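Encoded as structure tokens, the structure appears first; notes follow it.
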Amino acid sequence: MNWIIASLLSMVGFGFLSIVYKVLTQQRLKPELISFSYFIFASIMLGIFLKSMGVKLSVIKNHIPLIILAALFGTIANVSMAYAIKNSPNPGYVLTIINANALLTIIISVILLKSQIDIIKLLGSIIVLIGLSLMLI
């Protein structure tokens, strides 16, 4: 699948996910329970999807520390998102802030992964910061 199409599908999925989180918290479901339930059902669905695609479900021992680290960051991110959505006036504001993580990813990628960034992408990052600032006023 093309990365742009995959990104657009992810955008739609996370957009609807935030609305579902907001509805569930309005129904007085605790954010921790939402995240826990979400991970259980998402794991089951992902397992079925991988099995149907013929993917062998095995992990190389060398990858386990990074997978645990990813799980830790994912848990922190999802529980924090659930709390933010619960307490925000509009879930779109929360996603705007969360999706500014692209800027953090760019910076970390340049430092740790030696990715390249040109002036146009740097200018785009500055525009994102300006847009985020306008949303928070």
Run through segment 55-137 and list the trypsin sites (Lys or Arg not before Pro) located in a DSSP loop whose Cβ has at most 13 other Cβ atoms within 10 Å.
56, 114
For a quick protection proxy, order the peptides 23-36, 5-18 by their average other-Cβ count within 10 Å, most packed first.
23-36, 5-18
At R0 = 25 Å the Cβ-Cβ FRET efficiency linking residue 70 and residue 97, nearest 0.05, sits at 0.75
Expected output is a single nm value to one decimal: the length gained when fully extending between residue 135 and residue 116, i.e. 0.36 nm times separation in residues minus the C-alpha distance. What is it?
4.0 nm
To the nearest 0.05, what FRET efficiency results for residue 126 and residue 56 with a Förster distance of 30 Å applied to their C-beta separation?
0.10
Does the chain come out rounded, prolate or oblate, given a ≥ b ≥ c as the square roots of the eigenvalues of its C-alpha gyration tensor, rounded meaning a/c under 1.5 and, failing that, prolate meaning a/b above b/c?
oblate
Report the one residue of 130, 40, 70 whose Cα lies farthest in the direction of the positive end of the charge dipole of the chain (charges on C-beta: Lys and Arg +1, Asp and Glu -1; origin at the Cα centre).
40
At 7 Å along the Cα-to-beta-carbon direction for both residue 105 and residue 27, put a label point, then send me their distance in nm to one decimal.
3.0 nm
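We did not get these values from a lab; they are worked out from the coordinates using the rules stated. Everything numeric in this text was worked out from a predicted model, so none of it was measured. Quick reminder, even Gly has a Cβ in these numbers, built from the backbone with ideal geometry, and neighbours come from all protein chains shown.
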